[in-house]
Amino acid sequence: MKINVEEISTLIKKEIEGYKSVLSEEEVGTVLDIGDGIAKIHGLNNIMAGEMIEFQDGTIGLALNLEEDAVGAVILGDYLHIKEGYSVKRLKSLLSVPVGEELVGRVVNPLGEPLDGLGPIKTTKRRPLEIIAPGIAKRQPVKMPLQTGIKAIDSMIPIGRGQRELIIGDRQTGKTTIGIDTILNQKGTGVICVYVAVGQKASTVASVVERLKAHGAMDHTIVVTTHASDPAPMLFIAPYAGCAMAEEFMYDHKKDTLCIYDDLTKHANAYRQLSLLLHRPPGREAFPGDVFYLHSRLLERAVKLSDSMGAGSLTALPIIETQEGEVSAYIPTNVISITDGQIYLTPKLFASGVRPAVDVGISVSRVGGNAQIKGMKKVAGSLRLDMAQYRSLEAFAQIGTDLDKATQRQLDRGARLVEILKQNQYHPMLVEEQIVIIYAGTHGYLDTIPLNLVKDFESDLLNFLRHEMKSILNGIRNTKEIDNEEELKSAISQFLERFIQTRNIKVESRK
């Protein structure tokens, strides 16, 4: 058989030409327009939404808008050196981040690149930035408490592992402090924490990291940070990146995890900026129509997995900043409707010295007592009732009218309960110690103590129990309930007499 060399070479040339044309249309495109971190690209005909792309200088981008004749992509990183005419190639993979134990204790950006100067992160594992949240069959009810160490929250607004609890309030009311205290309180519990700073000042993030290091909390924490000067695309992907890093421990290591998103208001604003630059139609408050889905697909990934899935959990504490307490604005109402309750902080309480400035009247946990141990559930019921009665009578007291003795007793007790719920920042408290001091308050042991000595009484009582009555605290810690109430009553009464004598409190001052 005679081989026709010319015919074969013609066929090969045609195949090569065809291959080049397919490659140029499907795999490689050209930048048509660039500006404000957004690139318009021609030629990527088969690209997927959310697919990663790479510019000719190595910069990574993310395809978001798939139009008929062009692709709208956001650039993850510095975009100032990218010019029109640059070539862009598909990476044929969705955006993913490095994950694993190597990230614990590190400060990284949303792409998993280290920012702490401690060298490269040596991990080969990656997880996609976005996944479909687990369905009902893969979940179980939230019933195991996640202790924040904050008396007002653990007693009246309990958080369970796998819950989504919103922290909402105006600026400078202590929202971040609650998140940081919760991370500090997870020391020794095996819970892996991820703190996501979205568009925060670099100095603020640095102080948070220093605080975590000072308390030894970086040993179980990953900090994912974007600064206020970072491009909007980095702010947009930050919460998803933090969630993916936590999910590695939940799914593969069967651990309990905690994600704090600080804050989703800046996240929504960054997404609005991207959407407007991509020429998506604006809706209410100029946010795009899918801004609800932006947060719902993130927060729905918080879950307590079923036993067959390993029983791990991801607890989400999103933070929302309000303007002048306006909780009926677009983003706050969206996130309130997605979450399982909210911790509402008010400037009025903060200014009056009630810190944490939690308004227990309108704060709520939709998991409720299911996320409390028996001992706390027992003392918290009467605490909430006493606080409600105090708030309703407080208005009458301000008028200055004569009050009967029963009303005055309720007001005095309420004032003392407010005092014991005050707590210094970065000082989370063990749950057994919370139970003891709340028990003392709700059972009238503080009624004889002047208001200015309540904090001294609390610290001295806990020191007394730690050193002389260890069995009481150990019993509550081990059994999760007040197993010997008579012993507790006797110990508090014994200490109360000693405190009255040493502080020269006059017996006549008793109510």
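The values are calculated or read from the model by the stated rules, or taken from the named source; none is laboratory data. Keep in mind that this is a model prediction, so the values were computed, not measured. Virtual Cβ from ideal backbone geometry, glycine too; neighbours counted across all protein chains shown. Remember, those area values only see protein heavy atoms, side chains included, never the ligands or the DNA or RNA. Shrake-Rupley method; radii C 1.70, N 1.55, O 1.52, S 1.80 Å.
How many of the residues in the stretch 420-454 are among the aromatic types (Phe, Trp, Tyr), in contact (Cβ under 8 Å) with a residue 60 or more places away in the chain and open to solvent by 30 Å² or more (accessible area, probe 1.4 Å)?
Looking only at that region, the number is 1.
Within the stretch 372-381, does at least one residue satisfy the condition of being within 18 Å of Gly169 (Cβ to Cβ), at pLDDT 90 or above, touching a strand residue (DSSP E or B) at 6+ places or on another chain (Cβ under 9 Å) and not in a helix (DSSP H, G or I)?
no
Six or more apart or on different chains, Cβ atoms under 6 Å: show the pairs whose first residue is in the stretch 213-236 and farther than 21 Å from Ile38 by Cα and assigned to a helix (DSSP H, G or I) and whose second is open to solvent by 50 Å² or more (accessible area, probe 1.4 Å) and among the charged types (D, E, K, R).
Filtered contacts from the stretch 213-236: Ala217/Lys187.
I'd like the full set of residues that are of a type outside the set (A, V, I, L, M, F, W, C) and more than 23 Å from the chain's Cα centre (by Cα), limited to the stretch 278-300.
His279, Arg280, Pro281, Pro282, Gly283, Arg284, Glu285, Pro288, Gly289
Kindly evaluate Ala39 against the criterion of being within 20 Å of Leu111 (Cβ to Cβ), without any contact (Cβ under 8 Å) to a residue 40 or more places away in the chain and within 33 Å of the chain's Cα centre (by Cα).
Against the criterion (within 20 Å of Leu111 (Cβ to Cβ), without any contact (Cβ under 8 Å) to a residue 40 or more places away in the chain and within 33 Å of the chain's Cα centre (by Cα)), Ala39 does not qualify.
Of the residues Ser203, Ser275, which single one is in a helix (DSSP H, G or I), more than 15 Å from the chain's Cα centre (by Cα) and farther than 29 Å from Lys40 by Cα?
Ser203
All but one of (1) farther than 24 Å from Glu497 by Cβ; (2) outside any helix (DSSP H, G or I); (3) of a type in the set (Gly, Ala, Ser) hold for Ala406; which doesn't?
Answer for Ala406: the failing condition is (2).
Identify all residues within the stretch 126-160 that are among the charged types (D, E, K, R) and open to solvent by 90 Å² or more (accessible area, probe 1.4 Å); write none if there are none.
Arg126, Lys138, Lys143
Is it the case that the stretch 475-494 has a residue that's within 31 Å of the chain's Cα centre (by Cα), open to solvent by 30 Å² or more (accessible area, probe 1.4 Å), among the β-branched types (Val, Ile, Thr) and farther than 27 Å from Gln408 by Cα?
yes
Assuming Ile12 fulfils every condition listed in (1) open to solvent by 30 Å² or more (accessible area, probe 1.4 Å); (2) at pLDDT 95 or above apart from one, which condition is it?
If we test Ile12 against (1) open to solvent by 30 Å² or more (accessible area, probe 1.4 Å); (2) at pLDDT 95 or above, just (2) comes out false.
Within the set of pairs 6+ apart or on separate chains, which have a first residue in the stretch 151-165 that is at positive phi, a second that is in a strand (DSSP E or B), and C-beta atoms under 7 Å apart?
Gly162/Val303; Gly162/Lys304; Gly162/Ser313; Gly162/Leu314; Gly162/Thr315
Every residue in the stretch 245-272 that is part of a helix (DSSP H, G or I) and charged (D, E, K, R), please.
Glu247, Glu248, Lys266, Arg272
State all residues of the stretch 202-239 that are out of contact with any Phe, Trp or Tyr (no Cβ under 7 Å at 6 or more places or on another chain), crowded, with 23+ Cβ neighbours inside 10 Å and of a type in the set (Ser, Thr, Tyr); if no residue qualifies, say none.
Thr225, Thr226
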